[in-house]
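What follows is a short report on a single structure.
The values are calculated or read from the model by the stated rules, or taken from the named source; none is laboratory data. These numbers were taken from a predicted model, which means no experiment stands behind them. Because the Cβ atoms are built from the backbone with ideal geometry, glycine has one as well, and the counts that use them run over all protein chains shown. With ligands, DNA and RNA removed, areas are computed over all heavy atoms of the protein, side chains included. Shrake-Rupley method; radii C 1.70, N 1.55, O 1.52, S 1.80 Å.
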Amino acid sequence: MIALRSVLFNTIFYANLIIRMIVLSPYYFVVPRLKAYAIPKNWARSNHWLMRMIVGTTFEIEGLENLPEGSFILAPKHQSFWDTYALLPNLKDPVYILKRELMWIPLFGWYAKKQRMIPVDRGARGKVMVEVLKRTKEELSTGRQLIIYPEGTRRPPGAEPVYKYGIARMYRDLGIPVVPVAMHPGLFWPRRSVRRYPGHFKVRILPPIMPGMDPDAFFAQLIEVTERASDELLIDTVDRNPHLPLPPTAVARLTELRKVKAATA
């Protein structure tokens, strides 16, 4: 049944994306930008409904009260395609820094351009990165929220964290709060897999790290608070969902955490 439900979900998921972009394009490209943002946000909500109805996957969000007013950097763990869109409905006006190649995709790139997403050549340095920072500051000056994945790429649940120092530079240069987010959608929507698994998990929005810290101290604190919450949620998620097939990284991390707990009990 999991295989059948996964195929059904994936088929409807991508059809939902393509059909919405085509059918709603006339409206999307005519109305003001912020009003048009309702379309991708409603798409995200519809995906949550599809996951619940077809796959049987649900989630809850803790800590919405930790989202500051105005501009901030949202810094979630990155495990799955799910977490690229899941929190859109909970943010007023989010902006992403995207690989420039994504802006070349028909329809998707046009939608992203309408929302003034910021393209970047990941191999670029120097003047190009200066221009990206300038564009980012311009967008945030209007009260937008920047979404950055501190590890840069998707990592399997329980994997040893590999945070990129770029977020510390953004924290220093932008001077706005950073909000860490811990979650384990990768246990239900694994990377590089077509399988989708039923169950329930939590998304934990942590208190913001306010601007003004030394970048190195900020970086260490970001990793510490995010990984501590991530470990707590890994144990909680696996205990709630004993049926889940765990990746080796999650098995190894759980074994380590339980040994520490037993030793300190």
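Test Glu151 against the stated conditions and say whether it is among the acidic types (Asp, Glu), open to solvent by less than 30 Å² (accessible area, probe 1.4 Å) and in contact with a Phe, Trp or Tyr (Cβ under 6 Å, 6 or more places away or on another chain).
Working: among the acidic types (Asp, Glu): yes; open to solvent by less than 30 Å² (accessible area, probe 1.4 Å): yes; in contact with a Phe, Trp or Tyr (Cβ under 6 Å, 6 or more places away or on another chain): yes.
Considered against the rule, which asks whether it is among the acidic types (Asp, Glu), open to solvent by less than 30 Å² (accessible area, probe 1.4 Å) and in contact with a Phe, Trp or Tyr (Cβ under 6 Å, 6 or more places away or on another chain), Glu151 comes out as yes.
Of all residues in the stretch 53-82, how many are in a helix (DSSP H, G or I) and open to solvent by 20 Å² or more (accessible area, probe 1.4 Å)? So that I can check it myself, show each step before the final result.
Step one: of the stretch 53-82, the residues in a helix (DSSP H, G or I) are 53-55, 64-66, 82.
Filter again for open to solvent by 20 Å² or more (accessible area, probe 1.4 Å), leaving 53-54, 64-66.
So the count comes out to 5.
Scanning the stretch 104-121 for residues that are open to solvent by 40 Å² or more (accessible area, probe 1.4 Å) and in contact (Cβ under 8 Å) with a residue 12 or more places away in the chain, we see that the one that is nearest to Glu139 (Cα to Cα) is Arg116. Return a yes/no flag: does the stretch 171-178 have any residue that is under 25 Å from Thr11 (Cβ atoms) and in contact with a Ser or Thr (Cβ under 7 Å, 6 or more places away or on another chain). Checked the stretch 171-178: no residue is under 25 Å from Thr11 (Cβ atoms) and in contact with a Ser or Thr (Cβ under 7 Å, 6 or more places away or on another chain).
Among the residues of the stretch 26-51, the ones that are surrounded by 15 or more Cβ atoms within 10 Å (Cβ to Cβ) and either modelled with pLDDT under 95 or under 15 Å from Lys113 (Cα atoms) (or both) come to 5 in all.
The set of residues in the stretch 39-73 that are of a type in the set (Gly, Ala, Ser) and more than 20 Å from Thr11 (Cα to Cα) comprises Gly63, Gly70, Ser71. Checked against (1) closer than 26 Å to Glu151 by Cβ; (2) touching a helix residue (DSSP H, G or I) at 6+ places or on another chain (Cβ under 7 Å), Leu50 passes all but condition (1).
Contact map, the stretch 59-74: first residue at positive phi, second residue modelled with pLDDT of 95 or more and assigned to a strand (DSSP E or B), Cβ cut-off under 7 Å, separation 6 or more or different chains; pairs are Gly63/Arg204; Gly63/Ile205. Among the conditions (1) of a type outside the set (Asp, Glu); (2) farther than 27 Å from Ile167 by Cα; (3) in contact with a Gly (Cβ under 8 Å, 6 or more places away or on another chain), Val194 misses just one, which is (3).
If we scan the stretch 215-233, do we find a residue that is of a type in the set (Gly, Ala, Ser), over 29 Å from Arg52 (Cβ atoms), open to solvent by 50 Å² or more (accessible area, probe 1.4 Å) and in a loop (DSSP other than H, G, I, E, B)? I'd like the intermediate steps shown before the answer.
Pass one, the stretch 215-233, residues of a type in the set (Gly, Ala, Ser): 217, 220, 229-230.
Of the ones still in play, those that are also over 29 Å from Arg52 (Cβ atoms) are 217, 220.
Keeping just the survivors that are open to solvent by 50 Å² or more (accessible area, probe 1.4 Å) gives 220.
From what's left, in a loop (DSSP other than H, G, I, E, B): none.
No, the stretch 215-233 contains no residue that is of a type in the set (Gly, Ala, Ser), over 29 Å from Arg52 (Cβ atoms), open to solvent by 50 Å² or more (accessible area, probe 1.4 Å) and in a loop (DSSP other than H, G, I, E, B).
Residues that are part of a helix (DSSP H, G or I), open to solvent by 60 Å² or more (accessible area, probe 1.4 Å) and not β-branched (Val, Ile, Thr) within the stretch 1-25 comprise Leu4, Arg5, Leu8, Tyr14, Arg20, listed in sequence order. Just so you know, in the stretch 196-214 the residues that are open to solvent by 50 Å² or more (accessible area, probe 1.4 Å) and among the aliphatic types (A, V, I, L, M) include one that is farthest from Arg5 (Cα to Cα), and it is Met213.
Name the residues in the stretch 172-218 that are among the aromatic types (Phe, Trp, Tyr) and within 23 Å of Asn90 (Cβ to Cβ), would you? Even if it seems obvious, please write down each step before you answer.
Filtering the stretch 172-218 down to residues among the aromatic types (Phe, Trp, Tyr) leaves 188-189, 197, 201, 218.
Those that are among the aromatic types (Phe, Trp, Tyr) and within 23 Å of Asn90 (Cβ to Cβ): Phe188, Trp189, Phe201.
Which residue, of Ser80, Ser71, is under 23 Å from Pro190 (Cβ atoms), touching a Lys or Arg at 6+ places or on another chain (Cβ under 7 Å) and hydroxyl-bearing (Ser, Thr, Tyr)?
Values: Ser71 fails: under 23 Å from Pro190 (Cβ atoms).
Testing whether each residue is under 23 Å from Pro190 (Cβ atoms), touching a Lys or Arg at 6+ places or on another chain (Cβ under 7 Å) and hydroxyl-bearing (Ser, Thr, Tyr) leaves just Ser80.
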